[in-house]
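Each remark here refers to the structure printed beneath this line.
All of the numbers you see were taken from the coordinates with simple rules; none came from a lab. All figures in this text were calculated on a predicted structure; none of them were measured in a lab. As a convention, Cβ positions derive from the backbone with ideal geometry for all residues, glycine included, and neighbour counts pool all protein chains shown.
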Amino acid sequence: MKKKVIAVLLVCAMAFSLAACGNSAEEPAAPAEETSEAEEPAAEEPAAEAPAAVEDEKIAMITDSGDITDESFNQITWETIIAYGEANGIEYEYYKPAGEENEDRINSIDLAIAEGATVVVMPGYLFGPAIAEEQDLYPEVTFIAVDVTEGDVVNLADEQVALGSNVYVCSFQEEQAGYLAGYAAVKDGYTDLGFLGGMAVPAVIRYGYGYVQGINAAAEELGVDVNVKYYYGGQFYGDSNITAAMEGWYSNGTEVVFACGGGIYTSAVEAAEIHDGKVIGVDVDQRPSIGDCCVTSAMKGLGSAVTSALDTYFSGNFSSIGGTAAQLGLTQGDYLGLPTDDASWGFETFTKDEYETVLAGIKDGSIAISADTENAPEVGSHTTVNYIE
């Protein structure tokens, strides 16, 4: 009870000190109106079916590192919530933590709930401790966290905490998307490739090791020799040092770099544009924003996962997933893959039919991809990987 009182007092204090932040939460009103117009026919039916069920509901999103214009995690999660709220007549708002500490995320959750949030959506493993601390304080609030595993949910003393019945977390089998990107790149003719990871956390490692496995599979199939540079930048943003390192890669023959880790991709793009190189995007289809230097993107269905969880909650069936941690892959649905729209298909020789064949192989299990994050994948005689410390 003492902790609850302190949390409430903190929220009250923040209401004055974060007035500017509160105003920024309403800035995306224009995009929300645009979404409403685009989806107006769909919005009428759910609102007519269950207006009472959503009358007192509010969806809050707490941003991960970065903001809602990061062209990655935060943006796709926020756009999904805008579309869902507009289509179903549900209030929504986002909150950006004041800093990068667990307490900052906890304070944002407290503020969101004080302002009426009944469902809190959080993207990213960094929310594990906040979930552990908040789930019992607010048993009447539902928490949905994407790209979070059960192992991430530890309290501020770093002790494992069981998921509450008001919590659902899900993660992804990123190695499958990484495999597809690496396989496609080699099949398209690239033989000097790079992997630029952000921090060496499990999701990034799975992307990277899957990428290496896909590269190796295609190299063995084609009988061509392939070289891979592999490096973790230790951060989720680009800077002059990372850009300089990528310039070195491209100037020494690297043709395409899979840039995986929040905003770190900006450094790969900057270097690629200088040296006429290519990049592979991550999490969402990044070609529309990056441009033609983006060959493809290793995507995971953040939006689909959020929509599915919200549907379960608003249909009154959250108890079927509450207290559970799901790991979503191609056997569970279309949660991973490469973009296949013509505008986003940057391959010259690798075809969509070839892509569908390898995709089917992953789905039916005939193509096995290791999810091991402790040991680098084994490769054949045609693939050389340089793991750079």
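Explain nothing, just the number: dipole magnitude of the stretch 171-227 about its Cα centre with +1 on each Lys and Arg Cβ and -1 on each Asp and Glu Cβ, in debye rounded to the nearest 20.
180 debye
Could you sort out which of Lys229/Lys363; Lys187/Lys278; Lys187/Lys300 sit more than 27 Å apart by Cα distance in this structure? Please report the intermediate quantities before stating the final value.
On the way: Lys229/Lys363 29 Å; Lys187/Lys278 15 Å; Lys187/Lys300 21 Å.
Pairs exceeding the cut-off: Lys229/Lys363.
What is the angle, in °, between the Cα long axis of helix 73-88 and the longest principal axis of the Cα atoms in the chain? Nearest 10 is fine, range 0 to 90.
For 73-88 against the chain, the angle is about 50 degrees.
Can you tally the net charge around Asp341? Count Lys and Arg as +1, Asp and Glu as -1, for every other residue whose Cβ sits under 11 Å from the Cβ of Asp341.
On the way: positive: Arg287, Lys352; negative: Asp285, Asp342.
Within the 11 Å Cβ shell, the charges total 0.
Quick one: work out the % antiparallel among DSSP beta bridges in the chain, nearest 5. If you can, show how the numbers build up before the last one.
Working: 3 of 51 bridges.
Approximately 5 percent, going by the DSSP bridge assignments.
Note down the magnitude of the dipole of the stretch 255-332 about its Cα centre, charges +1 on Lys and Arg C-beta and -1 on Asp and Glu C-beta and zero elsewhere, to the nearest 20 debye.
On the way: 3 positive and 8 negative charges, 67 e Å.
Here the stretch 255-332 has a charge dipole of around 320 debye.
What does the charge count near Asn375 come to, summing +1 for each Lys or Arg and -1 for each Asp or Glu among other residues with Cβ under 15 Å from its Cβ? Can you show the working numbers first?
Values: positive: Arg206; negative: Glu175, Asp372, Glu374, Glu378.
Net local charge, Asn375 excluded: -3.
How much length would be gained if the chain were fully extended between Glu348 and Gln327, taking 0.36 nm per residue of separation minus their Cα-Cα distance, in nm to one decimal?
Residue separation times 0.36 nm, minus the Cα-Cα distance, leaves 4.3 nm.
Using alpha carbons only, how many degrees (0 to 90, rounded to 10) separate the axis of helix 352-364 from the longest principal axis of the chain?
60 degrees
Students often forget the sequence filter, so: which aspartates and glutamates lie under 12 Å Cα-Cα from Lys352 once same-chain residues fewer than 8 apart are removed?
Asp188, Asp341, Asp342
DSSP loop GluC sites (Glu not before Pro) in the stretch 228-326 with at most 10 other Cβ atoms within 10 Å of their Cβ, which ones?
Working: sites: Glu247, Glu255, Glu270, Glu273; in loops: Glu255.
Counting only loop positions with at most 10 other Cβ atoms within 10 Å, none of the GluC sites (Glu not before Pro) in the stretch 228-326 qualifies.
Nearest 20 debye, what's the magnitude of the dipole of the chain about its Cα centre given +1 on Lys and Arg Cβ and -1 on Asp and Glu Cβ? Write down the numbers at each step before the final one.
Working: 14 positive and 65 negative charges, 203 e Å.
The dipole magnitude comes to about 980 debye.
Can you give the Kirkwood hydrodynamic radius for the chain, in Å, rounded to one decimal and based on Cα pairs? It would help to have the intermediate numbers written out before the result.
Values: mean 1/r = 0.0459 Å⁻¹.
That comes to 21.8 Å for the chain.
Pairing the Cα long axis of helix 302-314 with the longest principal axis of the chain, what angle in degrees results, from 0 to 90 and rounded to the nearest 10?
30 degrees
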